[in-house]
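Presented below is the structure to which this report refers.
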Amino acid sequence: MTNVRRGRVIALSVAFAVACILPGARDRVEAASGELRIGLTQDVSTWDPHNYLSAVDNYVYPLVYERLVHLDRDLKMVPGLASEWEAVGDRALRFKLRTGIRFHDGSPFDAQAVKTNFERLAAAPRARAYYGAVDRVEVNDPYTVTVFTKQPSATFLANLTWVVGGIISPTALQQYGKDIAQKPVGTGPYRLKEHVQRDRIVLESNPHYWGRPSRLARVTIRPIAEEATRTAALEGGNLDVIMDVSPHRIQELERNPNLRIAAGRSVRNVYLGFQIGDETLKNVKLRQAIAHAIDRDAILRHVLEGRQTTPVGIVPSIVLESRGDALLKYDPDRARGLLAEAGYSRGLDLAFWTPSGRYLKDREIAEALQAQLARIGVRVQIKVWEWAPYMAALRRREQQLFIFGFNYPSGDPDAGLRNLFHSKGGFPFFNVNDRHVDELLDKGQGLVGVPRAERMKLYEEVQRLLLSSAIAVPMYEKRNLFGTSAKVKGFAPHPLEYLDLTGVSVE
Amino acid sequence: MASRFAESLVQGLVFTLVLSLIAFLTMAVAPGDPAEMLLGQDATPEGVRAMRAELGLDLPLWKQYAAFLLRLAQGDLGRSYENRRPVTNILIEGLVSSSQLAGGALLVAVVVGVSIGLVSAYFRNSWFDLTLRIVVLMAISVPVFWLGLMAIYLFAVQLRWLPSFGRGGAEHLILPVLCLSSAALGIVIRITRSEALEVMKREFITAARAKGLSEIVVVCKHVLKNALVGLITVVGLQFGLFMSYAVVVETIFAWPGLGTTLIKAVFSRDFPVIRGGIILTGAAFVIISVATDRLCAVLDPRTRTA
């Protein structure tokens, strides 16, 4: 090769390398007036709420999609796209819909749109647990629709508040088919302007929104998995709001005059679970002994830095009020006595499974529990799992002790209790096959027209049964911890773990 | 030369084929069912069966592999289980993003590292050389993730000179590129110094000086050109390790690159993305290897075959 040709090759190589490096023309995302920049832990996986994939997807859906009915921050049911509703017998609900609402693509929201969506939801695998009860939907007139359920269901109306039931434009469904997963079209206060995968989501205010006008022209969402980076972005002024602030950073952030911590109650509890189908753990006294050996307060204070809430029961307190007297208290002497009565006066060995990073300080909690149980002679071997195989293994019921969390997305106790503790529940990890529990839960479902307070007594009874026999030990009631810039006004976490930006503004 | 290129191409294709089989079989035996992951709490046995049928996972393994190869031959890597987007699009986006980061870091590492290495070799055993060798040792020892977090804290949080994360304008590249370049800088300096010292002992260098060429021309043209051959070979071999550091940097700086794409796909058992990523990465290795050979041949005619 001649010198000239060699030189050309080298020059072209360098030019190619430089061309690869130079970033293309990209918009610089800086805070503009009326723009809110939010850092979440991961990107939105799909914009099809009926086939949602992660809890973070649910955080964002309510900005774009709405349901017929919503739950406010006190979990009180309020009108959404439906202005009023009434029961028709014990197997139907009739909804009067708001008029004049249009989807982001301009097509009208009406009773036919509700019918299309409910039928789609009833067939969607991930929504079936809540919408599978739908038998048929009748369009009475353009703005009246009646939904019939297969069985009487006292929880059906509450199920409709779940964010997964967002109403999608039927025109868009027909036009895009499965690609609706990348092209959201709802009625919400924001519409999608841009989604650069794993980099940013840009939502712009919906100028034709029927409800309270947004005070934000634009909402930019950035997925940042690394907690330290997310917090640094808030501290450095690159973000205005971040989710899931680590407890050990809160004190430091609170000292920063430019930042605030927004904390709120949640509909999620985290448990130490017992797989009671296991030969050893069938023993109620053994389980009660373990429950009494757990110093929950110490874990809340030292592992969770006092930033999470003491649970009052299996169900989070915002969903089911309880005095908390059914919880088995920390009492190591009683624990040792029960252990001896159970036939394990010399102690025993158990397997303890936990995911890592799925729940706040899950591994650290497992390690703390290991130390506490060792004091009464229960030696646990911790096995840390990656989430995907963890769920598969839990479903095979190979576990003994395990850490698991669950939320109650419809604000009703039935949501979690049925899934976790009914013999036909979707999460049979505790392996509870108790006819009495099943009967109580089925009875609760059938109490149509009964005042909520009456129904709740029944769920309190279920809760007492489960706690007294130590099927699950609630470790903490989650508090949603967000960090915000002091310039952000009106932001508060929603208990249902989604972004509610009503009334939020940025100075 | 053409036959050597053809030989490399055939080897590359065979390697990619073997890699595709390994990728396929690995996913087949890995714990965690994609259908269960996608269905979550609604993963009833019937639902899982239906989802597996929809994803084609209920077919015998050999049929799945045959269908996969057929699509691969047409350049189709399938669609993501998660969001149904074409895997090719997902991977190309990640590759472009990672190339910016990795290319920039490599450029900085080579330009800075070669310069320092040459100076260090020229002034060997001086205070500058000794100090530099200590600094290089420290640079090699410091974990990349720690360096990244410290850089964010200093330049983004305290000084507010630079953004702390994400992709955007040129200023978004500075911290992640500098952080990633540190992973390669140490070895580039050491190899350059070592090669340069070796070259400087050669007779042709003495002859060049005897001819009256200036020290700058001797070092920057003759020593550098001969030292680069060894450096390029080592950098090519280190490429895999360098990309593993790139994944760490992408995570720290929330840089939407190929590494973080593949990590997410592994956690969510998104088989098509994982398989496509493994094949793409393997193909990248083959290309880097061939490119390294070609570049060495350009720089050193003695390495060319007839």
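Where a number appears in this text, it was derived from the coordinates with a stated rule and is not lab data. What you see is a predicted model; the values in this text were computed from it and never measured. Heads up, the Cβs are rebuilt from the backbone with ideal geometry, glycines too, and the neighbour counts pull from every protein chain shown.
Data for the structure
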{"read-out": "Equivalent ellipsoid semi-axes - Cα gyration tensor, region A:291-338, angstrom", "value": "21, 16, 6"}
{"read-out": "Spacing of the two label points (7 Å from each Cα toward its C-beta) at residue A:345 and residue B:63, in nm", "value": "6.2 nm"}
{"read-out": "Rg ratio (alpha-carbon, reference 2.2 N^0.38 Å) - region B:152-217", "value": "1.88"}
{"read-out": "Residue-span extension gain [residue B:170 to residue B:135] - 0.36 nm each, minus C-alpha spacing", "value": "9.8 nm"}
{"read-out": "Net charge of neighbours whose Cβ lies under 12 Å from the Cβ of residue A:354, counting Lys and Arg as +1 and Asp and Glu as -1", "value": "0"}
{"read-out": "Dimensionless Rg/Rh of region A:368-498 - Kirkwood Rh, Rg from C-alpha atoms", "value": "1.03"}
{"read-out": "For residues of A:192-204, the mean tally of beta carbons on other chains within 10 Å", "value": "3"}
{"read-out": "Paramagnetic label zone (point 7 Å from Cα along Cα-to-C-beta, residue A:298; backbone N under 12 Å) in region A:352-372", "value": "A:368-372"}
{"read-out": "Rel. contact order, % - alpha carbon contacts under 8 angstrom, at least six apart, chain B", "value": "27 percent"}
{"read-out": "Hull shadow area, averaged, chain B [alpha-carbon convex hull, nm²]", "value": "20.8 nm²"}
{"read-out": "Rg to Rh quotient for region A:39-144, alpha carbon positions, Kirkwood Rh", "value": "0.97"}
{"read-out": "Cubic angstrom per residue, convex hull over Cα atoms of region A:259-370", "value": "129 Å³"}
{"read-out": "Histogram of C-alpha separations across the protein assembly as shown, 10 Å bin width, %", "value": "2, 11, 19, 22, 19, 13, 7, 4, 2, 0, 0"}
{"read-out": "Anchor residue A:183: aspartates and glutamates whose Cα lies under 13 Å away (excluding residues fewer than 8 positions away in-chain)", "value": "A:48, A:105, A:194"}
{"read-out": "For A:386-398, mean number of other protein chain Cβ atoms within 10 Å", "value": "4"}
{"read-out": "Cut-off 9 Å between beta-carbons: net charge of the residues surrounding residue A:477, Lys and Arg +1, Asp and Glu -1", "value": "+4"}
{"read-out": "5 angstrom amide H check on residue A:309, placed H, neighbours 5+ away", "value": "A:477, A:479"}
{"read-out": "If the convex hull is drawn through the Cα atoms of region B:1-157, its volume per residue in Å³", "value": "228 Å³"}
{"read-out": "Taking region A:204-285 and dividing mean pair separation by its residue count, relative contact order in percent (alpha carbons under 8 Å, at least six apart)", "value": "13 percent"}
{"read-out": "Spin-label pair residue A:148/residue A:329, simplified geometry with 7 Å Cα→Cβ offset, distance in nm", "value": "5.5 nm"}
{"read-out": "Cα→Cβ-extended label distance, 7 Å offset, between residue B:206 and residue B:161, nm", "value": "4.7 nm"}
{"read-out": "Helical contribution to [θ] at 222 nm, DSSP H n ≥ 4, -39,500 (n - 2.57), averaged over the protein assembly as shown, rounded to 500", "value": "-15000 deg cm²/dmol"}
{"read-out": "Stokes-Einstein translational diffusion, region A:213-256 - Kirkwood Rh over all Cα pairs, 1.306 mPa s, 10 °C, in µm²/s", "value": "136 µm²/s"}
{"read-out": "Whole-Å semi-axes of region A:111-221's equivalent ellipsoid (Cα gyration tensor)", "value": "28, 16, 14"}
{"read-out": "Three semi-axes of the equivalent ellipsoid, region B:216-306, Cα gyration tensor, whole Å, largest first", "value": "35, 17, 7"}
{"read-out": "More than 20 angstrom apart: percent of Cα pairs within region A:217-324", "value": "59 percent"}
{"read-out": "Helix runs (DSSP H) in chain B reaching 27 Å along axis by Cα, Kyte-Doolittle at least -0.5", "value": "B:2-29, B:87-122, B:171-200, B:271-299"}
{"read-out": "Residue A:396/residue B:142 FRET efficiency (R0 51 Å; Cβ-Cβ; nearest 0.05)", "value": "0.70"}
{"read-out": "For region B:71-195, the spread of Cα positions along each principal axis, largest first, Å", "value": "60, 42, 23"}
{"read-out": "Anisotropy class of region A:157-287 from Cα gyration tensor, a/c 1.5 cut", "value": "oblate"}
{"read-out": "In region A:276-403, lysine pairs with alpha-carbon atoms under 23 angstrom apart (chain gap of 8 or more, or interchain)", "value": "5"}
{"read-out": "Measure of compaction for region B:114-255 (Cα Rg per 2.2 N^0.38 Å)", "value": "1.26"}
{"read-out": "Residue-wise HN-Hα coupling along region A:86-100, computed from phi with Karplus coefficients 6.51, -1.76, 1.60 (Hz; x: Gly, Pro)", "value": "8, 7, 10, x, 10, 10, 7, 10, 10, 10, 9, 8, 5, 9, x"}
{"read-out": "14 Å tail of the calculated P(r), region B:210-266, as % of Cα pairs", "value": "68 percent"}
{"read-out": "Relative contact order %, chain A, counting alpha carbon pairs below 8 Å whose residues are six or more apart", "value": "20 percent"}
{"read-out": "Förster radius 25 Å - calculated FRET efficiency between residue A:383 and residue B:29 (Cβ-Cβ, nearest 0.05)", "value": "0.80"}
{"read-out": "Cross-link partners of residue A:489 among lysines (Cα-Cα below 26 Å; sequence separation of 8 or more within a chain)", "value": "A:76, A:193, A:478"}
{"read-out": "Local electrostatic count, residue A:97, Cβ distance below 10 Å [Lys/Arg +1, Asp/Glu -1]", "value": "-1"}
{"read-out": "Rounded FRET efficiency, nearest 0.05, which uses the C-beta distance separating residue A:112 from residue A:436 and R0 of 45 Å", "value": "0.55"}
{"read-out": "Translational D in µm²/s for region B:11-66 (Stokes-Einstein at 4 °C, 1.567 mPa s, Kirkwood Rh from C-alpha pairs)", "value": "102 µm²/s"}
